[in-house]
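The structure under discussion appears below in the form of structure tokens.
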Amino acid sequence: MEVILTEDVQHVGEMGQVVSVAPGFGRNYLIPQGFAIPATTSNKKQLNHQLADIERRKVAEQIEARKILGHIDGVAITIPKRAGEDDILFGSVTNREIAAVLLEQGHAIDRKQVMLDRHINELGIYEVPIKLASGVLAKVKVWVVAL
């Protein structure tokens, strides 16, 4: 199934792209959430007319993200967790916890912007990318310490 993305979707594509996705993923997630529209011929023609608007929107988002980037890039946060032997955590540190700690420090970051490849399961220092906009990434140091 071909869809036109109306937002950046991780591992799928960027706003304004025509991408091919599994039919269920398109019908059940992308289209109802407003992340995409079906790639019909009329929608493709309309997309050609809207490309300038999409490009302006991307540029505006990037300008706003670069302002935030100066405040958040290089920030260090500490997350205390219970750990067992060999510094293995009971549970894990998720993108939701990282976003919550950043919010406590005054940085309004949504959990979907925290780009963890996998949950953090061990004590240590991690560099976690935060996607502020298309092409604008900030790095946050996350210190996971024992309680």
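Which number do you get for Rg(Cα) / (2.2 N^0.38 Å) in region 32-147? Write out the running numbers ahead of the final one.
Working: Rg = 18.5 Å, N = 116, 2.2 N^0.38 = 13.4 Å.
Against the compact-globule rule of thumb, the ratio is 1.38.
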Task: Cα centroid separation - region 106-120 against region 1-57, whole Å - done: 24
TODO: Within region 64-79, which residues have the backbone N less than 18 Å from the label spot 7 Å out from residue 105 along Cα→beta-carbon, could you tell me?
DONE: 66-79
TODO: Name the residues whose placed amide hydrogens come within less than 5 Å of the amide hydrogen of residue 122, ignoring near sequence neighbours (fewer than 5 apart) on the same chain.
DONE: 89
Open item on the list: Between 0 and 90 degrees, rounded to the nearest ten: what's the tilt of helix 95-104 against the longest Cα principal axis of the chain?
Closed with: 80
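Quick check for me: using +1 on Lys/Arg Cβ and -1 on Asp/Glu Cβ, what's the dipole size of the chain about its Cα centre, in debye to the nearest 20?
Roughly 440 debye, rounded to the nearest 20.
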Task: Quotient of Cα Rg and 2.2 N^0.38 Å for region 1-97, N being how many residues it contains - done: 1.55
Task: Mean separation of Cα contacts under 8 Å (6+ apart) over length of the chain, as relative contact order % - done: 22
Open item on the list: Lysine pairs in the chain with Cα distance under 21 Å, only those 8 or more apart or on different chains: how many are there?
Closed with: 16
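For a quick check: sort 134, 42 by the number of other beta carbons within 10 angstrom, fewest at the front. All intermediate terms of the calculation are to be shown ahead of the outcome.
Working: 134 15, 42 8.
Least crowded to most crowded, the residues run 42, 134.
When the helix-only estimate is applied to the chain (DSSP H runs of n ≥ 4, each -39,500 (n - 2.57), divided by the residue count), what is the mean residue ellipticity at 222 nm, nearest 500 deg cm²/dmol?
It lands at -10000 deg cm²/dmol.
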TODO: Can you tell me the 0 to 90 degree angle between the C-alpha axis of helix 41-72 and the longest principal axis of the chain, rounded to 10?
DONE: 30
Task: Inter-label distance for residue 119 and residue 20, nm, one decimal - labels placed 7 Å from Cα along Cα-to-Cβ - done: 3.5
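Any read-out appearing in this document is the output of simple, stated calculations on the displayed coordinates, not a laboratory observation. Being a predicted model, the structure only gives us computed values, none of them experimental. Heads up, the Cβs are rebuilt from the backbone with ideal geometry, glycines too, and the neighbour counts pull from every protein chain shown.
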